[in-house]
Amino acid sequence: MSVKVDPNLMKELKHFGLKDANKCFHCGNCTAVCPLSTPENPFPRKLVKYAQMGLKDKILAAPEPWLCYYCGDCSDRCPRGADPGETMMAMRRYLTAQYDWTGFARRFYTSEAFEVIAVSVVAMIIGLAFMIFHGEVITDRVALNTFAPNWIIEILDWIMAVVLSTVLLSNALRCAQFVFGQDLLFKIPIKYYIGEAKDGIINFLVQKKFSECDDRMQWYIHLLLFTGYVSMFTMVVVGLRWLQRDYVIDPAWPTVTFLMTVVGWYATLAIMYASSYALWGRYKKSKAPYKNSHGTDWMFLVLLWLTSFTGILVHLAIWFEAPLFCYVIYVIHLMVAIPMLVLEVPFAKWAHLAYRPLVLYLMAVKNRYMAEEAKAA
Ligand code: SF4
Ligand code: SF4
């Protein structure tokens, strides 16, 4: 079978943050020290070589970029300063753009101006919508659900969740087709997919492979960010009527609103701590994964931080009964949170939370299927 070579691949990958891969002289040190590399799926040297040789199809079909958690061990030990960890990161950005059929992810990753304009436009639309359609402004007490009725926000939430999930799922299907091949994806009997589903879900929730890296702090931070984000997303989509309220503890729903308050504080503080840690690390360039930040890394973390911070301010405004401040900060909160959701979930940094566990799950399904086939032969 002939192998297609793309002479512009290195140039193309540079748009996605690739920097020093050309310095690599293939000593193999990085693959030897990577705690997640295996004989069946050795990386990152192999991927660096694919990039240097312009083997685009090999990169598209490779699961390895998604097996890397960017702990940075390989970059720290590379004798040439070729930063193989960052090469793997650049490949994940590149692959995210390849999976996205809308072409939006590519624009987002390759143009910082486009990224800033897209976020600003969505934020302005939200602000404008509130200026025109907000409810009555009651100033003698907090009446957030009169200003912005939670049943309307809940319907809009659901519309947004369905649209985002559809785009993300269609992109995830393209990811599966690239990595697995169309034929194999539909040839494997459904029982293998069901058999591996439980481990797939656990891996999605705790990303236990990440804990095998030497720098466990990165895993803890990731776990905090992930659990905080998923708790908040779930509360916003399925429990907004209890989350957005006019009292700290709603007398009509005391137990539910108390639980919402506790989980809400956990989620916002977890996200704030983890995003502050990552932002500070990137600012100080404190370790290998933080040395070469892409514009999208900054944008994601800043939006996350601001979403949590303004969310806390809304809660405090209700607590201290400051109605006008509450309404203004609520609008600002949505002007930050909605661009983050509609742009980051299907098209940018967030999407790796879907692609990485999906590829790990598909690999487990494939391995089980192959093993059974070999036994039967
Ligand atoms: S990236 Fe660095 S450590 Fe890895 S093979 Fe190349 S030179 Fe060696
Ligand atoms: S960053 Fe860590 S997980 Fe990724 S290839 Fe390097 S050593 Fe392996």
Practice item. Take the residues in the range 1-36 that are in a helix (DSSP H, G or I) and more than 14 Å from ligand 2 (Cβ to nearest atom), then tell me which one is surrounded by the most Cβ atoms within 10 Å (Cβ to Cβ). Key: L13
Practice item. Give me the pairs, please: first residue somewhere in the range 66-86 and without any contact (Cβ under 8 Å) to a residue 40 or more places away in the chain and in a loop (DSSP other than H, G, I, E, B), second residue anywhere and within 6 Å of ligand 2 (Cβ to nearest atom) and not basic (K, R), beta-carbon distance under 6 Å, and either six or more positions apart or on two chains. Key: C68/M88
Revision key, fill the gap. Only one of M299, M335, M363 is in a helix (DSSP H, G or I), over 24 Å from A161 (Cα atoms) and not β-branched (V, I, T), namely M363
Check your understanding: Does P84 qualify as being more than 30 Å from E115 (Cβ to Cβ), within 13 Å of ligand 2 (Cβ to nearest atom) and either in contact with a helix residue (DSSP H, G or I) (Cβ under 9 Å, 6 or more places away or on another chain) or in the same structural domain as F108 (by TED's automatic domain parsing) (or both)?
Key -> no
Exercise for review: Please go through the range 267-295 and pick out each residue that is more than 16 Å from ligand 1 (Cβ to nearest atom), of a type outside the set (G, A, S) and either crowded, with 18+ Cβ neighbours inside 10 Å or under 26 Å from Y94 (Cβ atoms) (or both).
Suggested key: T268, I271, M272, Y277, L279, R282, Y283, K285, K287, Y290, H294
Exercise for review: Name the one entry in M89, M53 that is surrounded by 20 or more Cβ atoms within 10 Å (Cβ to Cβ) and hydrophobic (A, V, I, L, M, F, W, C).
Suggested key: M89
Review point. Which numbered condition trips up F43, out of (1) of a type in the set (F, W, Y); (2) closer than 25 Å to R282 by Cβ; (3) part of a helix (DSSP H, G or I)?
Key: (3)
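The values are calculated or read from the model by the stated rules, or taken from the named source; none is laboratory data. Here the structure is a predicted model, which is why all the values come from computation and not from measurement. Methodologically, a virtual Cβ is constructed for each residue, glycine included, from the backbone with ideal geometry; neighbour enumeration extends over all protein chains shown.
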